[in-house]
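The values are calculated or read from the model by the stated rules, or taken from the named source; none is laboratory data. Source: prediction; values computed, not measured. A quick note on method: Cβ atoms are made from the backbone with ideal geometry, for glycine too, and the neighbour counts reach across all protein chains shown.
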Amino acid sequence: MRRKPVADPTEVGAGTPPLERSIGLFRLVMLGVGATVGTGIFVILSAAVPEAGPAILVSFVLAAVTAGLTALCYAELASALPLSGSSYSYAYATLGELAAFLVGACLLLEYAVSASAIAVGWGQYLNEIFAALVGWTMPASISQPPGRGGYVNLPAVVLIALCGLLLLRGAAESTAINAVLVLVKLAVLVFFAIVALTAFRPENLRPFAPFGWAGIATAASTIFFSYIGLDTISTASEEVRDPARTLPLGIILSLVIVTAIYLLVAFAGIGAQPWTLFSGQDAGLAVILRNVTGTAWPALVLSIGAVISIFSVTLVTMYGQTRILFAMSRDGLLPKVFQRVDRRTRNPNGNTLFVALFVALLAALVPLDVLANLTSMGTLVAFAAVSLSVIILRRTRPDLPRGFRVPFFPFVPIASLGCCLALIAALPRDTYLLFAVWIAVALAIYAAYSLRHSRLARARDLDRPASAGR
């Protein structure tokens with residue numbers, strides 16, 4: 001139950017070189033949009049539409065409402081506690097060390113598995129490009145994971161290696177390149193919607209909800225991981241200029257842009273193609289354009305945009321994971337190797353290499369649908385912790401300066417918490433089993449290492465002799 005001092009939360013990590021504050025509002029919004037817009041549209045529709053049918057539109061709205069309620073909670077905490085580590089750091093200041101460690105474990109799971117899930121879909125759109133340009137596609141043996149007709153997803157490994165190399169150059173360069181990539185992919189998605197709407201057929205929306213509310217909730221749970229960008233914004237807190245103002249604005253603007261583009265593209269796609277055709281459809285948006293136009297070039301443009309988009313999302317989610325590792329290591333809960341900062345780039349290079357290796361293994365060997373549900377579980381648990389932290393911090397530190405305050409308190413954080421729990425309940429049983437294994441591993445690491453090496457624990461032990469002498 002040890003908690004970080006709220007008055008000066010960075011004091012626990014004293015002695016660690018600071019990260020460079022190089023991110024302004026525009027790059028921060030692009031960071032959030034870059035981490036969010038991509039997989040939920042380019043890849044996951046083929047898994048989520050068969051669960052809900054045309055009512056996937058309601059699933060997106062349900063996920064967006066939950067994310068929106070949580071975004072307000074994130075905005076308040078980010079303005080009051082502008083720390084690297086996002087919901088892990090918030091939990092440490094409000095819920096205690098053990099809860100924070102488990103939230104951190106959920107975040108690491110969320111980011112690693114999300115980056116892996118995103119990377120898995122990269123090869124699908126690469127194949128579309130190869131087919132359009134040279135009439136050749138990569139064999140399944142090297143472009144699909146085991147269980148999907150292949151041995152290893154080689155394109156995913158290549159993608160992660162490229163993102164890792166870019167991250168090693170530092171946050172300023174990475175976020176600048178990400179901003180350009182985000183603008184390109186937004187333009188490509190708008191292009192898709194315009195073309196697909198020319199083939200819109202109202203009958204494709206019937207029956208609207210073939211599997212009822214259960215299907216809508218299940219699909220909402222599946223796609224929820226695509227809102228991970230809200231948490232990614234908070235992981236950049238210590239690298240943002242004027243965080244008390246910039247962070248809340250960045251979170252809210254990102255959510256508005258993301259929700260609008262998701263609903264536009266999903267509506268256009270379902271209107272242009274019967275929902276029953278989405279199941280198992282690789283590179284689904286590109287296929288829709290090819291069928292609508294009868295020519296290859298629109299699908300080629302879309303596939304190039306998807307390749308750029310998935311690169312952007314993978315880059316940003318890997319960035320977020322390295323910052324979670326940095327924060328946990330600085331607090332003594334993970335080994336010191338994860339808090340070492342390169343003197344030239346002011347970047348945690350050891351983290352980046354570790355994350356790249358771990359994510360590459362997952363992407364190479366694990367199927368997409370398993371990864372998506374597991375990521376949603378980690379995301380929802382972290383979001384629930386943020387909602388609870390707002391309530392606790394309002395009661396324990398009502399005097400703490402806040403650049404933004406959640407409106408209609410406590411109803412908004414309570415509603416956010418309830419929505420998160422409802423979506424968790426809709427996840428399949430195998431996701432619970434995998435998540436339980438992950439939490440068991442996290443508890444074992446905490447008991448074996450973190451409990452004794454925590455900076456708060458060591459600070460307490462150093463105070464004991466002085467207290468005894470007095």
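Observations
- Here is the figure for region 342-356: residues that are assigned to a loop (DSSP other than H, G, I, E, B) and either buried (at least 19 other Cβ atoms within 10 Å of the Cβ) or within 21 Å of the chain's Cα centre (by Cα) (or both) total 2.
- Residue identified as surrounded by fewer than 24 Cβ atoms within 10 Å (Cβ to Cβ), assigned to a helix (DSSP H, G or I) and among the β-branched types (Val, Ile, Thr) among Ile288, Ile308, Ile324: Ile308
- Leu181 of a type in the set (A, V, I, L, M), surrounded by fewer than 18 Cβ atoms within 10 Å (Cβ to Cβ) and in contact (Cβ under 8 Å) with a residue 12 or more places away in the chain: no
- Leading residue by the ranking (modelled with the highest pLDDT) among those in region 117-143 that are of a type in the set (S, T, N, Q) and part of a helix (DSSP H, G or I): Asn127
- Count of residues meeting criterion [outside any helix (DSSP H, G or I) and modelled with pLDDT under 80] in region 200-248: 5
- Scanning region 209-224 for residues being of a type in the set (A, V, I, L, M, F, W, C), farther than 23 Å from Val313 by Cα and surrounded by 15 or more Cβ atoms within 10 Å (Cβ to Cβ) gives a total of 4.
- Here the helices (runs of 4 or more DSSP H) wholly within region 361-458 that include at least 3 residues being under 22 Å from Leu247 (Cα atoms) and at pLDDT 85 or above are 368-396, 411-425.
- The single condition among (1) surrounded by fewer than 24 Cβ atoms within 10 Å (Cβ to Cβ); (2) under 16 Å from the mean Cα position of the chain (by Cα); (3) farther than 23 Å from Ala436 by Cβ that Val381 does not meet is (3).
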